[in-house]
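Please read the structure below before turning to the comments.
The values are calculated or read from the model by the stated rules, or taken from the named source; none is laboratory data. The shown structure was predicted, so the numbers you read here are calculated from the model rather than taken from an experiment. Quick reminder, even Gly has a Cβ in these numbers, built from the backbone with ideal geometry, and neighbours come from all protein chains shown. What goes into the accessible areas is simple: the full protein's heavy atoms, side chains included, and nothing from ligands, DNA or RNA. Shrake-Rupley method; radii C 1.70, N 1.55, O 1.52, S 1.80 Å.
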Amino acid sequence: MTEESIDPRVYDLYDEYCHTQMTRRAFFTRASALAVAGGSALVMAEALLPRYTEAQTISFTDDRIKPRYVEYDSPAGSSGKMRGYLVTPAGKGPFPAVLVVHENRGLNPYIEDVARRFAVEGFLSLAPDGLAPLGGYPGNDDDGKVMQKSLDKDKLFTDMLNSAIFLKNHELSNGKFGATGFCYGGGVVNNLAIIMGVDLNAGAPFYGVAPALEKVPEIKAPLLIHYAEDDPRVNASREGYREALKANSKNFVMYTYEGTRHGFHNNSTPRYDETQAELAWQRTVSFFKQYL
């Protein structure tokens, strides 16, 4: 089923399902009650669920990369320990490093694939699993979002900050460090820019909520900020963020991608917009190559 064939109300319901504690059963029940033209709203709802296997772009056996799971300390985090997916480019290094921060459901296969994509481009990449203290990503997004919601948000952010420090200081890192993230992860990147100061060399958040505007003067890193056009929840903070960055003479570029919805970079669901996602990706890779 194509993006265009799905009723906008089903997309809106899916966004609510993704970002609240709504169960899959409730999502399907509410979708089935919608009267839509051109088909069944329930079928449309089912089509929006991620298909991670079909969406993989870089195999974990690709000879251009070396992926593995790693454990590291995370003082003051959820448990004092963290686990992440570290992907090294083939070669001796050292390499510029990029942190890839997941959405609100833990380290799912899409985020692991993004980490592999960065490694193919020559970056040492780490995708931390914020659910590691609870046993890790459970294999499905429904349980994952419930698990992530149960964590103390400040300790979860500390786990992401410690992941950034671990990667920046890794023996295969050249010390140049960037961060990107999606949805929840985009918000994390915006806040890492404040907390890390000059230790963050570049940040590229995708559809992330803006940080506290009074903290914007503390940002030192150049930012490449991506928004979807139809994303009212996240975009409510966009213009205030833009004005604060401008008022404080920060180095940033902000793009809003025409015709897209929240999650347009995630190629595992029909929200994916191939043209705009590829444009955002190429901009991000070029941006990191410039600053890292």
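Above 11 Å lies some portion of the pair distances; for segment 123-172, what is it as a whole percent of all C-alpha pairs? Provide the component values of the computation, followed by the final result.
Details: 858 of 1225 pairs.
The answer is 70 percent, as a whole percent.
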Can you bin every Cα-Cα distance in segment 3-48 into 10 Å intervals starting at zero and give me the percent of pairs per bin, rounded to whole numbers?
31, 59, 9
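Using Cα pairs under 8 angstrom and six or more residues apart, how large is the relative contact order of segment 181-292, in percent?
Averaging sequence separation for qualifying contacts and normalising by length gives 23 percent for segment 181-292.
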The answer for segment 61-291, accessible area per residue at 1.4 Å probe in Å², is 39 Å²
Could you state the angle between the C-alpha long axis of helix 184-196 and the longest principal axis of the C-alpha atoms of the chain, as a value from 0 to 90 degrees rounded to the nearest 10?
20 degrees
Kindly flag which residue pairs out of Lys81/Lys176; Lys155/Lys250; Lys176/Lys220; Lys92/Lys176 have an alpha-carbon separation exceeding 19 Å in this structure.
Lys81/Lys176; Lys155/Lys250
How large is ³J(HN,Hα) for each residue in segment 216-229, as worked out from phi by the Karplus curve 6.51 cos²θ - 1.76 cosθ + 1.60 (θ = phi - 60°), to whole Hz, x for Gly and Pro?
4, x, 7, 6, 10, 6, x, 10, 10, 10, 10, 10, 7, 5
What is the chain by shape, rounded, prolate or oblate, if you read a ≥ b ≥ c off the alpha carbon gyration tensor as root eigenvalues and call it rounded for a/c under 1.5, prolate for a/b larger than b/c, and oblate otherwise?
prolate
When the helices in the chain are scored as -39500 (n - 2.57) per DSSP H run of 4 or longer and the sum is shared across all residues, what 222 nm value do you end up with, to the nearest 500 deg cm²/dmol?
-11500 deg cm²/dmol
The chain - percent relative contact order, Cα under 8 Å, separation 6 or more:
15 percent
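Charges at C-beta only: +1 for Lys and Arg, -1 for Asp and Glu. How large is the resulting dipole of segment 151-292 about its Cα centre, in Debye rounded to 20?
That gives a dipole near 300 debye.
Might you report the magnitude of the Cβ-based charge dipole of the chain about its Cα centre, with Lys and Arg at +1 and Asp and Glu at -1, to the nearest 20 debye?
Details: 31 positive and 36 negative charges, 145 e Å.
It works out to roughly 700 debye.
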